[in-house]
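S.K.: There's a structure below that I have some questions on.
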Amino acid sequence: MAAKTKQETQRTYVRFSLAQRVEHVTMLLSFTTLGLTGLSQKYAAHSLAITFVNLLGGIENLRAIHHVAAIVMMFGTMYHILSAGYKVFVERQRMSMLPVFQDAKDALFALLYNIGLRKSRPQMGRYTFEEKAEYWAFVWGTVVMGVTGFLMWNPVTAATFLPGEFIPAAKAAHGGEAVLAVLAILLWHFYGVHLKHFNKAMWTGRMTEEEMLHEHPLELADIKAGATEHPVDAATLRKRQRIYFPIAAVLTVAMLVGVYIFVATEETALETIPPQPEKVEPFVPQTPTPIPTPSSVVPWDVI
């Protein structure tokens, strides 16, 4: 009986598909690159930042890498939007990442449990309130960084539509949001996913039954009851695809145009001037020293 129980607890359940895991790695790499290259510019006078810039071959290389990582994140965001649209419209999956009032109750109950005023943890489903908060914080941060990044990348164009004060304001907001995002990953995400309990689901795609009982008991109950399975017949699936794919195509073109405008509108005003290979002699005209003439001398008795 004990062996059977152990075998049952080792049963695993699919949590993330391969495409979702690849998307996670792509966003992880682009975010890390943006954080390193961005904070090195924000704190450019720090010795670590100077060393990092020198390792990359100079500030222009660092900025180029920062821009490439930003473009990768734009494409990752595009894919996420299109993928989420397909799951919701075509496959009719539940929008389980949307926050609901129960999340506020779960947060309160978790606080009471952590300080010893509640005997049990709150029972949560597909996504916990922490995961939802982190997801929507990432969405908010992406929007802020995208808008302020455009203003900084295209300051001349931005200044034709907005007052010039928006450019330094965008720089301040961009840097502040970057610090907030990096701290959130290090102090919140890293602790919750790697230190408190190493959650391997985003790497393996699966969770054991024991992990599901601890983190997502309501989802596990739905899986065992068959409430999560909503098979769609082939005819209905094709009908929905015929509607969604043209919309997705138009949306893709619009987003690609947006990325092109973001990247190619103008040369950034932050581009540095390369050092001149030749020394230019300053223009210093040689004129004779003026000599006072007798007429310019004023006698003392006249003063």
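Bear in mind these aren't lab numbers, they're just calculated from the coordinates by the rules spelled out. Treat the numbers as computed from the prediction; the structure is a model and nothing was measured. Note that each Cβ is placed from the backbone with ideal geometry, even for glycine, and that neighbours are counted across all protein chains shown.
S.K.: Nearest 10 degrees, 0 to 90: what angle lies between the long axis of helix 59-85 and the longest principal axis of the chain (Cα atoms)?
M.R.: Approximately 30 degrees, to the nearest 10.
S.K.: What is the Rg over Rh value, at two decimals, for the chain, using alpha-carbon atoms and the Kirkwood definition of Rh? Please list the in-between numbers first.
M.R.: On the way: Rg = 30.0 Å, Rh = 24.5 Å.
Over the Cα atoms of the chain, Rg/Rh equals 1.22.
S.K.: Return the loop-located trypsin sites (Lys or Arg not before Pro) in the stretch 179-243 (DSSP other than H, G, I, E, B) with at most 10 other Cβ atoms within 10 Å of their own Cβ; answer none if there are none.
M.R.: Details: sites: Lys196, Lys200, Arg206, Lys224, Arg238, Lys239, Arg240, Arg242; in loops: Lys196, Lys200.
Answer in residue order: Lys196.
S.K.: Another question, if that's okay. Which of the lysines could a cross-linker bridge to Lys239, judged by Cα under 18 Å and excluding same-chain residues fewer than eight apart?
M.R.: Straight-line reach from Lys239, under 18 Å: Lys87.
S.K.: Using the structure shown, select from Lys105/Lys171; Lys105/Lys196; Lys42/Lys279; Lys42/Lys105 the pairs with a Cα to Cα distance greater than 28 angstrom. Write down the numbers at each step before the final one.
M.R.: Details: Lys105/Lys171 37 Å; Lys105/Lys196 22 Å; Lys42/Lys279 32 Å; Lys42/Lys105 39 Å.
Over 28 Å apart, Cα to Cα: Lys105/Lys171; Lys42/Lys279; Lys42/Lys105.
S.K.: Any idea what the relative contact order of the stretch 15-278 is, in percent, if you count C-alpha pairs under 8 Å spaced at least 6 apart?
M.R.: Working: 178 pairs, mean separation 71.9, N = 264.
Over the stretch 15-278, the number comes to 27 percent.
S.K.: So which residue, out of Ser96, Ser83, Ser120, gets the largest mean-square fluctuation from a GNM of the chain using Cα contacts under 10 Å as springs?
M.R.: Comparing Ser96, Ser83, Ser120 in the GNM, the peak value goes to Ser120.
S.K.: Nearest 500 deg cm²/dmol is fine: what mean residue ellipticity at 222 nm does the chain get from its DSSP H runs of n ≥ 4 alone, each adding -39,500 (n - 2.57), divided by its residue count?
M.R.: Working: 12 runs with 185 residues, N = 303.
That comes out to -20000 deg cm²/dmol.
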